Amino acid sequence: MTKLWGGRFTKSAEEWVDAFGASIPFDQELVEEDIEGSLAHVKMLAACNIITEEEAETIKNGLEKILQKSKNGSLEYSVQNEDIHLNIEKFLTDEIGPTGGKLHTGRSRNDQVATDMHLYLRKHTKEIMEVIKQMQQALINQAENHVETLIPGYTHLQRAQPVSFAHHLLAYFWMLERDYGRLEDSLKRLNISPLGAGALAGTTFPIDRGYTAELLGFDGIYENSLDAVSDRDFILEFMSASAMIMMHLSRLAEEFILWSSQEFQFIELDDTFATGSSIMPQKKNPDMAELIRGKTGRVYGSLVSLLTLLKGLPLAYNKDMQEDKEGMFDTVTTVKGSLKIFAGMIDTMSVNTEVMEKETHSDFSNATELADYLASKGMPFREAHEVVGKLVLQCIQKGIFLLDLPLADYKEASSLFEEDIFEVLKPSTVVARRNSAGGTGFEQVKKAIVLGKKKLEEK
């Protein structure tokens with residue numbers, strides 16, 4: 001089979017070599033974007049009198065037929081035609097004859113593929129932003145129901161201070177808010193057009209790159225043709241933002257896995273987001289959360305792979321850059337799917353409020369309150385810290401907690417202690433009093449929910 005670029009070649013590669021070099025097994029994902037870019041390009045060619053209006057209309061009709069066949073699943077791609085661009089060009093010439101060959105006037109596959117990926121990532125970035133909003137809404141919904149639900153807060157995975165469960169969930173809302181912002185900001189650099197940059201140096205044809213950019217909804221064009229065809233930092237930026245999204249999801253997944261265990265019993269995941277064991281009938285495994293935690297690694301891998309791919313490439317296009325697509329496609333699928341799954345898990349989970357409440361009474365996470373109590377009465381905090389540390393040790397030795405310690409023991413430790421210390425030590429009081437901006441106090445949490453809702457409404 002003669003290649004569309006085969007004029008200067010006297011020998012053909014063997015089939016296995018063609019298969020190794022072809023990208024059509026995966027870049028057929030770009031079929032709609034490729035046709036979208038071609039429709040804009042041919043419209044511009046006619047507007048600039050590079051081809052006739054009749055030729056443009058013939059090509060346009062041919063491309064639209066190919067697009068319909070693609071949607072019907074009736075296109076049969078060929079490895080011999082290497083990639084999505086040459087496959088579509090071959091479909092087009094088969095459909096309308098030699099006129100189809102005029103479509104490639106004034107452009108190269110180098111600017112064509114870059115345009116396809118800009119269009120693809122723009123669409124999917126916006127879709128991922130929408131799914132982030134869905135997960136944020138799920139977090140807000142649960143937070144509204146659990147403002148005064150208490151949960152042990154941890155540092156170093158050791159009991160630290162009790163917090164509102166809503167406050168804990170909202171921490172992830174704000175992580176996702178920054179993730180959303182990173183994707184939104186990336187659109188400024190993503191939404192520019194490489195179309196018409198040619199192979200690397202532009203073209204001698206009097207094309208109008210601004211017109212094609214406008215037709216495709218881009219904000220502008222790459223100002224340097226070399227940059228236009230060799231740039232992949234828009235993909236790197238997307239992958240970097242995606243890696244951070246997955247890191248945040250993985251952290252929450254880890255907490256869901258712990259919280260749903262027999263040891264914690266803080267939450268129970270809905271059956272639709274869990275699986276059983278093939279041998280142990282009692283098991284309910286948090287597989288979806290585990291998969292999200294695991295899939296984080298593949299997103300990291302795609303980012304590192306592309307960074308490594310690009311680090312030593314001279315300008316402009318190199319065949320190495322064919323390897324930029326599979327990781328991008330996989331990242332889009334993984335991130336979008338993980339966010340959808342998580343939104344569902346959050347919406348449908350059951351919260352064991354009694355277990356959480358009980359656990360906040362079964363530790364020393366109210367100890368800081370004692371130190372603050374003494375400090376508020378004039379004792380230097382470091383001295384108060386030591387006094388409380390000794391009281392905690394005393395409780396440990398007696399097998400009790402701070403609320404169980406008699407007032408006499410408190411007064412023996414410091415005359416500053418009064419009867420009100422037992423009210424101060426209640427976990428609900430501990431949480432409610434932490435009313436500094438952004439804190440876990442119930443009033444602050446309610447304000448955070450209002451602000452979160454406002455953020456979602458503004459998007």
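The values are calculated or read from the model by the stated rules, or taken from the named source; none is laboratory data. Since this is a predicted model, take the numbers as computed values, not measurements. All Cβ positions, even for glycine, are placed from backbone atoms using ideal geometry, and neighbour counts span all protein chains on display.
Checking Met379 against (1) outside any helix (DSSP H, G or I); (2) loosely packed, with under 12 Cβ neighbours inside 10 Å; (3) in contact (Cβ under 8 Å) with a residue 12 or more places away in the chain: exactly one of these is not met. Which one?
(2)
Look through segment 291-315, keep the residues that are small (Gly, Ala, Ser) and surrounded by fewer than 20 Cβ atoms within 10 Å (Cβ to Cβ), and return whichever of them is farthest from Thr333 (Cα to Cα).
Gly312
Take the residues in segment 1-53 that are in a loop (DSSP other than H, G, I, E, B) and modelled with pLDDT of 90 or more; name whichever of them is nearest to the chain's Cα centre (by Cα).
Per the criteria, the residue is Cys48.
Checking Val229 against (1) β-branched (Val, Ile, Thr); (2) assigned to a helix (DSSP H, G or I); (3) more than 25 Å from Ile192 (Cβ to Cβ): exactly one of these is not met. Which one?
That leaves (3) as the condition not met.
Pairs under 6 Å by beta carbon, first residue over 17 Å from Gln322 (Cα atoms) in segment 72-84, partner at pLDDT below 90 and not hydroxyl-bearing (Ser, Thr, Tyr), six or more apart or different chains?
Matching pairs, first to second residue: Tyr77/Ile24.
Being charged (D, E, K, R), over 19 Å from His41 (Cα atoms) and in contact (Cβ under 8 Å) with a residue 24 or more places away in the chain, is that true of even one residue in segment 187-203?
yes
Determine if segment 272-281 includes at least one residue that is modelled with pLDDT of 95 or more and among the aliphatic types (A, V, I, L, M).
So far as segment 272-281 goes, no, none of its residues is modelled with pLDDT of 95 or more and among the aliphatic types (A, V, I, L, M).
Across segment 256-265, what is the total count of residues that are in a helix (DSSP H, G or I) and touching a residue at least 40 places away in the same chain (Cβ under 8 Å)?
1
Quick one: would you say Leu374 is surrounded by fewer than 16 Cβ atoms within 10 Å (Cβ to Cβ) and over 30 Å from Ala138 (Cβ atoms)?
no
Any residue in segment 341-367 that's closer than 25 Å to Gln161 by Cβ: show its pairings with residues that are small (Gly, Ala, Ser) and in a helix (DSSP H, G or I) at Cβ separation under 9 Å, as long as the two are six or more apart or on different chains.
Going by the 9 Å Cβ cut-off, the qualifying pairs are Ile346/Ala138; Glu357/Ser428; Thr360/Ser428; Ala367/Gly389.
Which members of segment 87-120 meet the condition of being among the hydroxyl-bearing types (Ser, Thr, Tyr) and part of a loop (DSSP other than H, G, I, E, B)?
Filtering segment 87-120 for residues among the hydroxyl-bearing types (Ser, Thr, Tyr) gives 93, 99, 105, 108, 115, 120.
Correct list: Thr105, Ser108.
Any residue in segment 306-327 that is assigned by TED's automatic domain parsing to the domain that holds Phe238 sitting within a Cβ distance under 7 Å of a residue that is buried (at least 18 other Cβ atoms within 10 Å of the Cβ) and acidic (Asp, Glu)? List the pairs, counting only those 6 or more apart or interchain.
If the second residue must be buried (at least 18 other Cβ atoms within 10 Å of the Cβ) and acidic (Asp, Glu), the pairs left are Leu306/Asp324; Leu309/Asp324; Lys325/Asp27.
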